[in-house]
Amino acid sequence: MKLFYIEDKYILIYRFVIIVVLTLTLVVSLCGGIFGIAKWSGLLSANNQIEKKDNDFKQPDTKEFLDKFSKKKQKPKTEIKKNEEKSKKENNDVNDVNIDVLFKQQAERLASLQKAFMDKQQKEFADLELTTLKNNILKIIKKLEIPVICDKNNEEQTKDICDKLGLKRKILKSGNQLLILNTIDITQYSKNFYNEDVNYFELQYSFVSNILTNEIAIEAYKKGEILTPTINGINEFHSQFRKNNRDYWQTRAENFKIDDKNEQKSKLKKMNDQAEALSILMYSGGAFGIFISIMFFVIFYRIERNLNKISELNINVLENLKNN
């Protein structure tokens, strides 16, 4: 029984059509299968994420303070001699160090800047004035505080600090702790809370020094617009530091909300992708089924065609024998 028969003159067309169909079904099944598996696995679910903000801790800038007194283009800053010795780097571990001594050292450094500034302006600056200024600065810097947050996102780095006795703290509505650190503590624990080293005293000293060496501040002092440039610089630095600190924690909270939204978005997209992947895999499976069916057809056709040729050959042999 013949399965199917195609005349010899149509064989080339038949072969071309079969090759094209087999190629298309194989390509569709392979590409669809790969794309469907990628969709199902969630590899494509991370696209279109909300971008987070950069959140490096910003250092206070003297420009914001000097702009208050600037009425013309700023001149290059003037160098002044500093009479104090170069400061040594503070040891991060201050648990066994007298904190009051560190505050006094910083107050003396800042007061020395004021003395150098006055000497530059050719104003009298008695030792009594230096002592008074140093005591006033000491009172100010000992009262300066910086708030930081203890939450689940930094628990691993800050747990020992947040559980420490003797630190001021408040409990927020969210249940997180708000630690109130002095300027020495913020330097010691900056790596834990900001993921970078922030040396408050060194930044403060540099900020005040830059103000006292700036032409705008010098002119403002001569005109009586700034009476106590060192104390003004200390207050301005701390004001900017607290603002930058507040911005840091606000941006950090926003970034965590973005992370949550991105995670929810990714999960939802993954579910949709998996549903699409099922459809794609079904079509790919159908294309592969067509490919297999055609292959079986070709195989059976080839077998049938060869059998027909053998049968015709046998018939011809028998007829020749009868005729002989």
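FYI, it's all coordinate maths here, none of it is from the lab. Note that the structure is a prediction, hence the values are computed from the model and not measured. Glycine also receives a Cβ, built like all others from the backbone with ideal geometry; neighbour counts cover every protein chain displayed.
What to note about this one:
- Two-site label geometry, C31 and E129: point separation in nm, points 7 Å out along Cα→Cβ: 8.5 nm
- Cβ-derived FRET efficiency at R0 41 Å, N153 paired with S41, nearest 0.05: 0.90
- Net lengthening on full extension, I299/S279 (0.36 nm per residue, minus Cα-Cα): 4.2 nm
- Pairwise label distance in nanometres, L203 with I13, each label 7 Å out on the Cα-Cβ vector: 8.3 nm
- FRET efficiency estimate (nearest 0.05) - Cβ-Cβ, E215 to D100, R0 35 angstrom: 0.45
- Long-range HN-HN contacts of R169 with modeled amide H, under 5 Å: I180
- Centre separation in Å (Cα based) which lies between the stretch 254-276 and the stretch 282-308: 43 Å
- Extension gain from N235 to S311, taking 0.36 nm per residue of separation minus the Cα-Cα distance: 16.5 nm
- Here the spin labels are modelled as points 7 Å beyond Cα on the Cα-Cβ line, and at L318 and V21 they lie 3.4 nm apart.
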